[in-house]
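Please read the structure below before turning to the comments.
The values are calculated or read from the model by the stated rules, or taken from the named source; none is laboratory data. Bear in mind that the values here come from a model prediction, so they are computed numbers and not experimental data. Positions of Cβ are backbone-derived with ideal geometry, glycine not excepted, and every protein chain shown enters the neighbour counts. For accessibility, only protein heavy atoms count, side chains too; no ligands or nucleic acids. Shrake-Rupley method; radii C 1.70, N 1.55, O 1.52, S 1.80 Å.
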Amino acid sequence: MKKIGLITSGGDAPGMNACIRAVVRTASLNDMEVTGFYRGYEGLLENDNVGLTRYDVRNIIHRGGTFLKTARSSEFRTKDGRSKASSIIKSHGIEGLIVIGGDGSFMGANLISMEHGIPVIGCPGTIDNDLFGTDYTIGYQTAVDTAIGAVDNIRDTAASHNRLFFVEVMGRDAGLIALRTGIAAGAEGVLIPETPTDLNRLVNYLKTDFKKKRRSGIIIVAEGDSEGGAYEVAKKVQNEFPNWETKVTVLGHIQRGGKPNGFDRILASRMGHGAVLALREGRNREMIGISGGQLVHVPLDHAIKHNATISPYLLELVEALS
Ligand code: F6P
């Protein structure tokens, strides 16, 4: 294989730049050229490309976001869109494609490979950590660190003013960011989509604690929780505590940006390196995952079809320590 294509796609995640750097440098070491396409499948469909040498990826390992930019493309979801993309890829003499992104991006990668015979390898880049077959996705740990830092700050205000805060974190329909943030920030409760949310139980718990002189608290609400986001939950709980001031903070995109932490830089470097080697070995339609500290190859259709599971142990830990 002499030439590969590279895109970052879907929501940006801290560590994507480190992964791009690893792909380009590993390819260069193996005498392979890399063509990057800007803005994911959208830029690919516009043939908005750039040749990447090892020197083009200097000074990016520490930067958040993705210098190749990213997007979610509706055209690529169509058969015609993928046909057009395949012609563009082939017109460059590209023999394999590396996609750094999440489940939507991998779904597209899987399809273009099956329909047009283009070998694809995915590197999981999403803060949601919702792909099956990998313990971690690139950007997740940094996003959790960012959320923890924000909740720590909120706790100062909560304690100073005797307030009950509902903090909404991202994760789409996965509660992994919420769960880890809740444990590390010592939250009094965590509401996630993977488990049934019982607001009466939460209210009773808070009432008991209130009698024992609790005057402030933090509840982490995953954006995909079945009771709605933090505003909805706060409204319902506030009715039970008319004299306790409740506040809502939606962390939003603050969790997606910022410098990748050390863990994500190393993870991204390993996965980018592994992705190029996988293409060279003739692998196809696989995601590079990490399991028990080792890189693994996970078929793309497994990675996207099964949501990552929530550890019952971590759920118990939240309850036990709150
Ligand atoms: O998938 C990453 C993610 O940040 C989710 O956690 C969130 O639901 C979604 O993307 C937000 O997407 P956008 O940036 O397009 O609003």
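Observations, loosely collected:
- Considering only Gly171, Gly189, Gly104, the mean-square fluctuation computed in a Gaussian network model of the chain, springs between alpha carbons under 10 angstrom, is largest for Gly104.
- Using θ = phi - 60° and Karplus 6.51 cos²θ - 1.76 cosθ + 1.60, couplings along the stretch 229-239 (whole Hz; Gly, Pro as x): x, 4, 4, 4, 5, 4, 4, 5, 6, 4, 4
- Under 5 Å, built H, 5+ apart or other chain: amide partners of Leu164: Gly217, Glu245, Thr246, Lys247
- What the pair-distance distribution of the chain shows, using all Cα-Cα distances binned every 10 Å from zero, is 6, 27, 29, 18, 12, 6, 1, 0 percent.
- For the pair Lys236 and Lys211 in one chain, pulling the backbone fully straight at 0.36 nm per residue adds 7.0 nm over the alpha carbon distance.
- Per residue value of the accessible surface for the chain (all protein chains in place, 1.4 Å probe), Å²: 43
- To put it simply, the accessible area of the chain at a 1.4 Å probe is 49 percent carbon and sulfur.
- Legend: residue pairs Lys212/Lys236; Lys79/Lys259; Lys2/Lys79, Cα-Cα distance threshold 25 Å; pairs beyond threshold, Lys79/Lys259; Lys2/Lys79.
- Local electrostatic count, His62, Cβ distance below 9 Å [Lys/Arg +1, Asp/Glu -1]: +3
- Residues of the stretch 92-122 falling in the label zone of Ser83, defined by backbone nitrogen less than 16 Å from a point 7 Å along Cα to beta-carbon, are 112-117.
- For Gly189, the residues whose amide H sits under 5 Å from its own are Ile218, Ile220, ignoring neighbours fewer than 5 places away on the same chain, with H placed 1.01 Å from N.
- In the chain, the longest principal axis of the Cα atoms and the axis of helix 16-29 are about 30 degrees apart.
- Rounded to the nearest 20 debye, the dipole size of the stretch 140-256 about its Cα centre is 500 debye, using +1 on the Cβ of Lys and Arg and -1 on the Cβ of Asp and Glu.
- Extension gain, Val296 to Arg201, is 30.1 nm, computed as 0.36 nm per intervening residue step minus the present C-alpha separation.
- For the stretch 1-154, the relative contact order works out to 29 percent when only alpha carbon pairs closer than 8 Å and six or more residues apart are counted.
- Loop-located trypsin sites (Lys or Arg not before Pro) in the stretch 25-76, at most 10 other Cβ atoms within 10 Å (DSSP): Arg58
- Other-chain or far-sequence residues with amide H under 5 Å of Val250's (modelled H): Glu168
- Selection from Phe210, Thr181, Ile266, by position along the positive dipole direction of the stretch 168-322 (Cβ): Ile266
- Applying a DSSP loop filter and a limit of 16 other Cβ atoms within 10 Å to the GluC sites (Glu not before Pro) in the stretch 12-47 leaves Glu46.
- Listed residues Ser226, Ser311, Ser73, most fluctuating in the chain (Gaussian network, C-alpha, under 10 Å): Ser311
- 3J(HN,Hα) from dihedral phi, the stretch 283-296, Karplus parametrisation 6.51/-1.76/1.60, rounded to Hz, x for glycine, proline: 6, 8, 6, 10, 9, 7, x, 10, 9, x, x, 10, 5, 9
- Summed residue charge, Cβ within 10 Å of His161's Cβ, Lys/Arg positive, Asp/Glu negative: +1
- Two-decimal Rg/Rh across the stretch 140-256, once Rg and the Kirkwood Rh are taken from alpha-carbon atoms: 0.94
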